[in-house]
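The structure appears below as structure tokens.
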Amino acid sequence: MISLTGAGKRFGPRILFENLDWLVTPNERVGIVGGNGTGKSTLLKILGGMESLDYGQIVRARGATIGYLPQEGLQLSGRTVFAECMSVFDNLRAMEHEMEELAGKMGELDTTSEEYELVTERFHRLQNEFAHGDGYSLEAKVGIVLSGLQFPKDDWYRPTDEFSGGWQMRIALAKLLLEKPSLLLLDEPTNHLDLEARNWLEEYLNQYPYAYILISHDRYFLDVTTRRIVEIWNKKVHFYPGNYEQYLKEKAERIAQITSAYNNQQAKIEQLQSFIDRFRAQATKAKQVQSRIKEIERMDKVDPPPPEEKTIHFSFPQPKSSGRIVAEFKGVQKSYGAKFVFGNVDFTIERGEKIALVGHNGAGKSTLIKILAGAEPVTTGEYRLGHNVVFEYFAQDQYKELDPNESLLDDISAHAPLRSTTELRSLLGCFLFSEDDVYKKMGVLSGGERNRYALARLLLQPANFLLLDEPTNHLDMRAKDVLLEALQEYTGTVVFVSHDRYFLDKLATKVYEVGGGEVRIFPGNYEDYLWRTSGRTTEDNASEAPEPWVPTLADVPGLAPTPAVPNKQRLNPLKLQKLKDRQSEIEAAIAKLESEVAQHEQELANFRSVEETQRRTTAVEDNRRRIETLMAEWEEIALSIEAAEAG
């Protein structure tokens with residue numbers, strides 16, 4: 001589809017990449033990764049024709065269509081959301097209009113005339129083309145995509161210029177998905193999506209009939225949508241088969257091999273050179289010396305391993321301990337006038353818990369975290385903080401609290417006087433503030449940059465109860481890793497909202513689902529929450545009135561799931577490992593119970609007393625029931641593992 005040969009690109013005097021040979025095939029599922037500023041977005045723009053090469057050549061196949069989604073900056077206006085999406089099918093709608101006109105003519109013309117025959121022929125040709133393009137299901141297609149990207153139906157007929165930048169990008173993404181170009185180029189497509197929209201997009205891309213190449217800082221998203229990773233590093237482009245998880249493993253193995261080969265060769269050269277230096281002046285050794293000199297010259301030199309990004313581990317002072325109970329809700333209700341958010345909410349947050357708030361946009365996640373932070377009052381009920389609890393609240397618009405006249409380095413130094421400048425600059429570097437950026441005034445930074453800085457500052461002196469609303473927004477993988485590691489080691493209590501699946505799975509110990517006017521509590525991380533709720537929808541809706549029909553992917557020709565393509569969301573390596581770990585736990589538990597049963601039965605053979613016989617008989621029955629329950633769970637897990645590994 002696209003061929004790059006000897007491709008290279010500069011940014012001023014700096015080379016981004018060079019000597020790139022890449023044949024983009026019609027079934028590509030590629031994720032582009034690399035450090036900040038290495039040229040990922042530039043490479044995507046080159047593929048899309050928005051940027052040119054400085055070296056080499058690019059050839060695009062005739063007839064190939066390319067759709068490009070930038071990170072931000074698109075602004076749509078003049079139409080409603082639904083009309084904007086329907087504009088993708090203007091050619092089919094023009095065809096439909098012409099068919100209507102031709103049908104009218106056919107009703108007026110003499111059926112035996114030559115003109116009638118020509119009109120009929122044109123009508124049937126258009127009708128076949130219209131049907132082949134799924135022209136009879138255009139509205140349903142648009143409805144599926146808008147619903148999947150979490151546009152409420154009330155918003156479908158609002159003008160596009162009423163929407164914020166994030167929602168504008170969702171509209172642009174919807175249009176691209178509906179266009180179905182032969183190559184989709186997506187630069188951070190999940191930046192403005194909530195969890196539900198991301199999950200839907202993952203499924204959509206796994207069923208997409210053509211190629212796509214994307215950039216994302218969401219590890220989970222890369223894992224379930226890509227089959228190949230392209231890494232830009234050290235001015236070179238490296239290709240890795242498999243998803244992001246496999247890329248990390250293979251990259252580590254590749255670097256280890258290169259390092260080993262380089263070190264072995266250097267050791268050999270040193271050995272030869274030592275002989276040369278020692279006996280160079282001796283005429284009797286001249287032949288051996290020349291032999292070793294030629295051996296060094298003939299060597300196919302192994303390049304040294306490329307320098308890796310320095311891994312930064314940041315630890316902050318652990319907070320003073322709070323009481324066991326950190327916060328309590330008793331019969332809490334929250335409403336905004338006539339708008340009911342949730343009611344009759346009871347829960348207790350205990351010290352050390354890390355709680356993820358999940359739910360649809362507008363369900364009340366941010367409202368709940370604002371109540372916990374004291375930024376919103378409860379309507380009725382009681383909210384109470386525990387003993388010695390000191391909270392810190394990070395809002396989505398935290399940047400508004402910063403002094404615009406202060407430089408980053410001066411401000412962060414004032415908040416951490418005991419930290420060295422080198423340490424503070426390293427922390428700022430993790431959050432994408434490098435070199436002279438640290439001297440910038442906060443007033444010249446964008447909202448996202450100031451939020452990044454506010455989060456870095458928060459890590460320096462945390463309270464014992466952190467309330468974090470979308471802390472992973474505007475962060476790359478490196479910054480997310482620093483934040484995740486810091487919060488995993490943090491001994492206080494955390495309540496957070498995030499749309500990053502990897503971050504949720506690694507940090508959460510409990511999930512609070514906000515929605516439907518209530519708050520439901522689930523133990524475990526987000527993956528556990530999905531496991532527990534996967535069959536709940538049917539049960540919850542069994543007694544409710546049927547909902548109006550909403551089209552799904554299976555209802556529209558061309559978008560139905562293909563049996564041959566597995567649902568990659570089932571192949572999440574984190575979940576798969578959890579299943580295997582649980583399977584091992586069950587096997588150990590069953591072995592222990594069977595051993596106890598055998599011991600009880602052996603003891604029952606020697607009568608001691610009625611009470612002892614009764615106790616051991618009851619114990620045997622209880623253990624056998626537990627074994628049956630565990631065996632049923634083991635079989636279910638075994639089937640899930642088998643299906644996942646087969647996929």
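Each reported figure results from applying straightforward, stated rules to the coordinates on display, with no laboratory input. Note that the structure is predicted; figures quoted are calculated from it, not measured. Ideal geometry is used to build each Cβ from the backbone, glycine not excepted, and the neighbour counts take in all protein chains shown.
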| field | Label selected from (i) 31.3, 112; (ii) 26.6, 110; (iii) 26.0, 96, the criterion being Rg and Dmax of the Cα atoms in Å as computed here | value | (i)
| request: Would you kindly derive the ³J(HN,Hα) couplings of the stretch 346-360 from the backbone phi angles with the Karplus curve 6.51 cos²θ - 1.76 cosθ + 1.60 (θ = phi - 60°), listing them in order in whole Hz, with x for Gly and Pro? | output: 10, 7, 10, 9, 9, 3, x, 6, 10, 10, 9, 9, 10, x, 5
| query | Setting aside same-chain residues fewer than 8 positions from K301, which aspartates and glutamates have a Cα under 14 Å from its Cα? | reply | E270
| request: Obtain the nm distance between the two label points defined at N263 and Q614 by a simple spin-label model: each point lies 7 Å from its Cα along the Cα-to-C-beta direction. | output: 7.0 nm
| For L69, distant residues with modelled amide H under 5 Å away | L185, L186, D187
| field | 3J(HN,Hα) from dihedral phi, the stretch 45-56, Karplus parametrisation 6.51/-1.76/1.60, rounded to Hz, x for glycine, proline | value | 5, 5, 4, x, x, 7, 10, 10, 7, 8, 9, x
| note | Per the C-alpha gyration tensor (a ≥ b ≥ c, the square roots of its eigenvalues), the stretch 572-646 is rounded if a/c is under 1.5, else prolate if a/b beats b/c, else oblate; here it's prolate
| request: Quick one: which residues, 5 or more positions from V237 or on another chain, have an amide H under 5 Å from its amide H? H modelled 1.01 Å from N in the peptide plane, none for Pro or chain starts. | output: E18
| Tell me, what ³J(HN,Hα) does each residue in the stretch 167-183 have, in order and in whole Hz, if you take phi through Karplus 6.51 cos²θ - 1.76 cosθ + 1.60 with θ = phi - 60° and put x for Gly and Pro? | 6, 4, 5, 5, 4, 4, 5, 4, 4, 5, 5, 6, 5, 6, x, 6, 9
| request: Only residues of the stretch 33-62 count here: report those whose backbone N is under 20 Å from the spot 7 Å along Cα→Cβ of Q71, or say none. | output: 33-52
| request: Per DSSP H run of n ≥ 4, the term is -39500 (n - 2.57); total these for the chain, divide by its residue number, and report the mean residue ellipticity at 222 nm rounded to 500 deg cm²/dmol. | output: -14500 deg cm²/dmol
| task | Would you pull out the residues with amide H under 5 Å of V341's amide H, same chain only if 5 or more places away, H placed 1.01 Å from N? | result | K334, S335, Y336
| task | Compare the peptides 345-357, 107-119, 244-256 by average per-residue count of other Cβ atoms within 10 angstrom and give them in order, highest first. | result | 345-357, 244-256, 107-119
| query | So for the pair W531, A632, with labels modelled 7 Å out along Cα→Cβ, what separation do we get in nm? | reply | 1.7 nm
